[in-house]
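Peer 1: Here's a structure for you.
The values are calculated or read from the model by the stated rules, or taken from the named source; none is laboratory data. As the structure is a computational prediction, the values presented were derived from the model and not from experiment. Here Cβ is always computed from backbone atoms with ideal geometry, including for glycine, and neighbour counts include all displayed protein chains. SASA here: full protein model, heavy atoms, side chains in, ligands and nucleic acids out. Shrake-Rupley method; radii C 1.70, N 1.55, O 1.52, S 1.80 Å.
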Amino acid sequence: GYYPYGTLTFDAAGNLYGTTQAGGKFNGGTVFELKASNGKYTYKMIHGFATSASTAYYPYAGVVVDSKTGYLYGTTYYGGAVWNAGAVYQLRQVSGVWIFSVIYNFLGDSLGQYSESGLVMDGAGNLYGTNYQGGDFNLGSVFKLTPGKGKTWTQKVIYSFKGYAKKDGAYPYYAGVSMDSQGNLYGTTYQGGSSAANNLNYGTVYKLAAGTYKESVLWSFGTTGDGYYPYHQAIFVNGKLYGTTNAGGLHGEGTVYEVTP
């Protein structure tokens, strides 16, 4: 594989898992494992994506590990049986062999399309992520996938971004969501925000309240000396959010920021 855009994830044994956007036997990207042993790591490609609209390919994000089962879950930008609008996949290990399956195909338009984000899992096994486009205003959305009987999954758009006209964010570019211990979700958008009233449109940090998923914009980028264009979601540590912007700041080359909700 090559072009690893996504982050790495540890499992309980200290092994690392990640993805590459391209490469593999069919050049549709890969999922790989770095197996830990005595302080060293051994590389193994555990899945190669086929470039076919009937499956899933081009994973821009990493994977999340289910701590109960060891299964891996991730998203792809393309693929899906109908609209080639992206998919969510599962990898499970059976007798040392990794089995790949698509658990959801994005349907585009108001149901979301083109996911570049990683996923987060709650204690009940629900998955949360974002779509770069789609939603009610075609400015991106946040979705929830709920597991059901017979290995089925149900998707629900829990928030559609409204854009700068409503002083809201737009386009969660490469940015998924983070979750705190109460189940609140946090993320960033590449554009939008209240600063857009001055034609800045430089992005936001937002919160979705647990249960209701009511949105609050915690910060709009673009003020004097501030960064702008946050490409990735913020991480939640000790009650505060930390992240980076691609541009802006004192030298115009980006910033590291802290937001206190």
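Peer 1: For region 1-44, which residues satisfy the criterion of being open to solvent by 80 Å² or more (accessible area, probe 1.4 Å), closer than 22 Å to I235 by Cβ and either among the charged types (D, E, K, R) or over 17 Å from the mean Cα position of the chain (by Cα) (or both)?
Peer 2: Scanning region 1-44 gives a single hit, A12.
Peer 1: Spot the failing condition for T7; the list is (1) in contact with a Pro (Cβ under 9 Å, 6 or more places away or on another chain); (2) assigned to a loop (DSSP other than H, G, I, E, B), and only one is missed.
Peer 2: Answer for T7: the failing condition is (1).
Peer 1: For G129, are the conditions met, namely being farther than 21 Å from L241 by Cβ, under 15 Å from the mean Cα position of the chain (by Cα), of a type outside the set (S, T, N, Q) and buried (at least 24 other Cβ atoms within 10 Å of the Cβ)?
Peer 2: Against the criterion (farther than 21 Å from L241 by Cβ, under 15 Å from the mean Cα position of the chain (by Cα), of a type outside the set (S, T, N, Q) and buried (at least 24 other Cβ atoms within 10 Å of the Cβ)), G129 does not qualify.
Peer 1: If D136 meets every condition in (1) farther than 21 Å from L8 by Cα; (2) of a type in the set (D, E); (3) surrounded by 23 or more Cβ atoms within 10 Å (Cβ to Cβ) apart from one, which number is that one?
Peer 2: That leaves (3) as the condition not met.
Peer 1: Just to check your reading of the model, which residue among T154, T146, T130, T75 is hydroxyl-bearing (S, T, Y), within 23 Å of E215 (Cβ to Cβ) and free of Cβ contacts under 8 Å to residues at least 12 places away in the same chain?
Peer 2: Unique residue meeting the criteria: T154.
Peer 1: For region 241-251, how many residues meet the condition of being over 12 Å from V205 (Cα atoms) and open to solvent by 60 Å² or more (accessible area, probe 1.4 Å)?
Peer 2: Of the residues in region 241-251, 3 are over 12 Å from V205 (Cα atoms) and open to solvent by 60 Å² or more (accessible area, probe 1.4 Å).
Peer 1: Here is a further query. For a quick check of your reading of the model, give me the residue pairs whose first member lies in region 97-124 and is free of Cβ contacts under 8 Å to residues at least 12 places away in the same chain and closer than 18 Å to L72 by Cβ, whose second is open to solvent by 30 Å² or more (accessible area, probe 1.4 Å) and not hydroxyl-bearing (S, T, Y), with beta-carbon atoms closer than 7 Å and at least 6 apart or on different chains.
Peer 2: These pairs meet every condition: I99/R92.
Peer 1: What's the number of the only condition in (1) β-branched (V, I, T); (2) surrounded by fewer than 24 Cβ atoms within 10 Å (Cβ to Cβ); (3) closer than 16 Å to Q133 by Cα that I235 fails to meet?
Peer 2: Every condition holds for I235 apart from (3).
Peer 1: Right, something else. Please list, ordered by first then second residue, the pairs with beta carbon atoms under 6 Å, 6 or more apart or interchain, first in region 208-237 and over 22 Å from H251 (Cα atoms), second at pLDDT below 90 and open to solvent by 50 Å² or more (accessible area, probe 1.4 Å).
Peer 2: Close Cβ pairs (under 6 Å, with a partner that is at pLDDT below 90 and open to solvent by 50 Å² or more (accessible area, probe 1.4 Å)) amount to L218/P261.
Peer 1: If the requirement is being closer than 19 Å to G134 by Cα and surrounded by fewer than 23 Cβ atoms within 10 Å (Cβ to Cβ), which of these qualifies: S194, S178, S160?
Peer 2: S160
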